[in-house]
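Visitor: Before we start, here is the structure in question, set down as structure tokens.
The values are calculated or read from the model by the stated rules, or taken from the named source; none is laboratory data. As the structure is a computational prediction, the values presented were derived from the model and not from experiment. Don't worry about glycine lacking a Cβ; one is built from the backbone with ideal geometry, like all the others, and counts go over all protein chains shown.
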Amino acid sequence: MPKGVHHQSDRPQTQKKLELLAQAFDVWLAIWLGQKGGKGRPLVVLDLFAGTGKSYGADGNIIDGSTLVLMKLISGHAAQLKSQGRSVIIRSIEAKASKCEELVANTSEMLRSMPALADVVDFQPVCTSANKWIAGSTQELRAIGAAPAFVFVDPDGLQVDKVSIDAIMALPWRTDFFYNYMAEGVARVAGAAASDCATSQGNRVKLVKYLGERASGTGYFDASAYADKVFTPAGFFSVSFPMPNPSKEQTQYILIYASKNETVVDKVIRDVFARSAKVMYRGQGSLFDLDTLKTFVPSMGPRRKTHE
Ligand SMILES: C[S@@+](CC[C@H](N)C(=O)[O-])C[C@H]1O[C@@H](n2cnc3c(N)ncnc32)[C@H](O)[C@@H]1O
């Protein structure tokens, strides 16, 4: 077994996350490409914590990472995009230099081997911090105009500042977020922030940057509390999928799909999430039926609180 693979192999949740990303993005693409009046208009895709373009599957096997997953799905629509005179602006942001180098290599290889894809995308990998990139790019992003946008936010800790999400929401785009809320990380940092140790102040600052002003309290494992604070006030509907940590009996992170389109959230993505919860890791099936599973993936919205 190659070095490093064993360590990564107990990660069925990564594979599940990427499967859900693919399903949600496929829905998003189908909707926007099926809309009348979209001819000539660009679509925007941001992969804000992009990694290397490769990842590890449930058995330690190498699978496509987020940017390659997104690109492959776009390639399936290359002819349609071309016939509509549309392109997809993709920006993949990765802060770690060595990973970004791999991302550049992996994405270049894909674009080289798929000329039809290369023809319809305007792709740039960016090797910097996501917060810094957003803060420095708002003018350029604003200039794209009223584009549909799909934004994947997948840090491995509390590296995304709430102000960055607010800045994206303030763009003139029709944005859908696929946001990975770091439940375990938030609870850990909140614990450290509340403690008496030397790092508590630093952890408090980290928490405030991540959550906004709410830096103390409970409910850190409740993604709806985050969605309620960040997405709902901006008019977004959201639905969440709690991802269990297979080695502990608790949620590791919570995927939140947020969009201004209530039907997409409450009917389509909620269904995708509930179906996916039916078969969790390594084919373990759930005894619950789909309607019961839907209560595990509640959706939220500006007009109503929680949909059960
Ligand atoms: C969970 S991994 C991303 C996996 C990737 N989205 C995928 O599904 O294939 C998180 C990545 O974020 C990168 N990262 C950490 N802090 C960052 C920051 N401030 N800005 C951008 N990337 C960052 C890490 O180096 C790591 O590669």
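Visitor: Of 117, 158, 68, which residue is at pLDDT 95 or above, near the ligand (Cβ under 10 Å from one of its atoms), over 23 Å from residue 261 (Cβ atoms) and crowded, with 20+ Cβ neighbours inside 10 Å?
Guide: Values: 117 fails: near the ligand (Cβ under 10 Å from one of its atoms); 158 fails: crowded, with 20+ Cβ neighbours inside 10 Å.
68 is the lone residue from the list that is at pLDDT 95 or above, near the ligand (Cβ under 10 Å from one of its atoms), over 23 Å from residue 261 (Cβ atoms) and crowded, with 20+ Cβ neighbours inside 10 Å.
Visitor: Follow-up question, since we're still on this one. Test of understanding: among 209, 248, which residue is on the phi < 0 side of the Ramachandran plot, surrounded by fewer than 18 Cβ atoms within 10 Å (Cβ to Cβ) and modelled with pLDDT of 85 or more? Don't jump to the end; show me each part of the working.
Guide: On the way: 248 fails: modelled with pLDDT of 85 or more.
Sole residue among the options that is on the phi < 0 side of the Ramachandran plot, surrounded by fewer than 18 Cβ atoms within 10 Å (Cβ to Cβ) and modelled with pLDDT of 85 or more: 209.
Visitor: Could you please let me know if residue 202 is assigned to a loop (DSSP other than H, G, I, E, B), small (Gly, Ala, Ser) and either within 16 Å of the ligand (Cβ to nearest atom) or farther than 30 Å from residue 41 by Cβ (or both)?
Guide: Values: assigned to a loop (DSSP other than H, G, I, E, B): no; small (Gly, Ala, Ser): yes; either within 16 Å of the ligand (Cβ to nearest atom) or farther than 30 Å from residue 41 by Cβ (or both): yes.
Criteria not met by residue 202.
Visitor: May I ask you to verify whether residue 117 is touching a Ser or Thr at 6+ places or on another chain (Cβ under 9 Å) and assigned to a helix (DSSP H, G or I)? Walk me through how you get there before you give the answer.
Guide: Numbers: touching a Ser or Thr at 6+ places or on another chain (Cβ under 9 Å): yes; assigned to a helix (DSSP H, G or I): yes.
When the stated conditions are applied, residue 117 passes them.
Visitor: Confirm whether residue 174 is more than 13 Å from the ligand (Cβ to nearest atom), modelled with pLDDT of 95 or more and among the basic types (Lys, Arg).
Guide: yes
Visitor: Taking the residues in region 77-114 that are of a type in the set (A, V, I, L, M) and within 16 Å of the ligand (Cβ to nearest atom) as candidates, determine which candidate is surrounded by the fewest Cβ atoms within 10 Å (Cβ to Cβ). Walk me through how you get there before you give the answer.
Guide: Filtering region 77-114 for residues of a type in the set (A, V, I, L, M) gives 78-79, 81, 88-90, 93, 95, 97, 103-105, 110-111, 114.
Subset that is within 16 Å of the ligand (Cβ to nearest atom): 90, 93, 95, 97, 103-105, 110.
Details: 90: 22, 93: 24, 95: 19, 97: 9, 103: 27, 104: 17, 105: 14, 110: 19.
It comes out as 97.
Visitor: If you don't mind, another one. Hey, could you check region 120-155 for residues that are over 15 Å from residue 175 (Cβ atoms) and polar (S, T, N, Q) and say which is nearest to the ligand (Cβ to nearest atom)?
Guide: 129
This table checks each residue for (1) among the aliphatic types (A, V, I, L, M); (2) part of a helix (DSSP H, G or I); (3) touching a helix residue (DSSP H, G or I) at 6+ places or on another chain (Cβ under 6 Å).
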{"position": "124", "(1), (2), (3)": "no, no, no"}
{"position": "133", "(1), (2), (3)": "no, yes, no"}
{"position": "136", "(1), (2), (3)": "no, yes, no"}
{"position": "140", "(1), (2), (3)": "no, yes, no"}
{"position": "145", "(1), (2), (3)": "no, no, no"}
{"position": "150", "(1), (2), (3)": "no, no, yes"}
{"position": "156", "(1), (2), (3)": "no, no, no"}
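Visitor: Separate question: Taking the criterion of being under 13 Å from residue 177 (Cα atoms) and either touching a helix residue (DSSP H, G or I) at 6+ places or on another chain (Cβ under 9 Å) or outside any loop (DSSP other than H, G, I, E, B) (or both), would at least one residue in region 214-230 satisfy it?
Guide: Within region 214-230, the subset under 13 Å from residue 177 (Cα atoms) is 227, 230.
Narrowing the set further to residues that are either touching a helix residue (DSSP H, G or I) at 6+ places or on another chain (Cβ under 9 Å) or outside any loop (DSSP other than H, G, I, E, B) (or both) leaves 227, 230.
Yes, region 214-230 contains at least one residue that is under 13 Å from residue 177 (Cα atoms) and either touching a helix residue (DSSP H, G or I) at 6+ places or on another chain (Cβ under 9 Å) or outside any loop (DSSP other than H, G, I, E, B) (or both).
Visitor: Mind telling me which of the residues 60, 38, 51 ends up being touching a residue at least 24 places away in the same chain (Cβ under 8 Å), in a loop (DSSP other than H, G, I, E, B) and either buried (at least 22 other Cβ atoms within 10 Å of the Cβ) or within 11 Å of the ligand (Cβ to nearest atom) (or both)? Reasoning before the result, please.
Guide: Numbers: 60 fails: either buried (at least 22 other Cβ atoms within 10 Å of the Cβ) or within 11 Å of the ligand (Cβ to nearest atom) (or both); 38 fails: either buried (at least 22 other Cβ atoms within 10 Å of the Cβ) or within 11 Å of the ligand (Cβ to nearest atom) (or both).
Just one listed residue meets the conditions, 51.
Visitor: Of everything in region 186-206 that's under 20 Å from residue 243 (Cβ atoms) and crowded, with 20+ Cβ neighbours inside 10 Å, which residue is modelled with the lowest pLDDT?
Guide: 190
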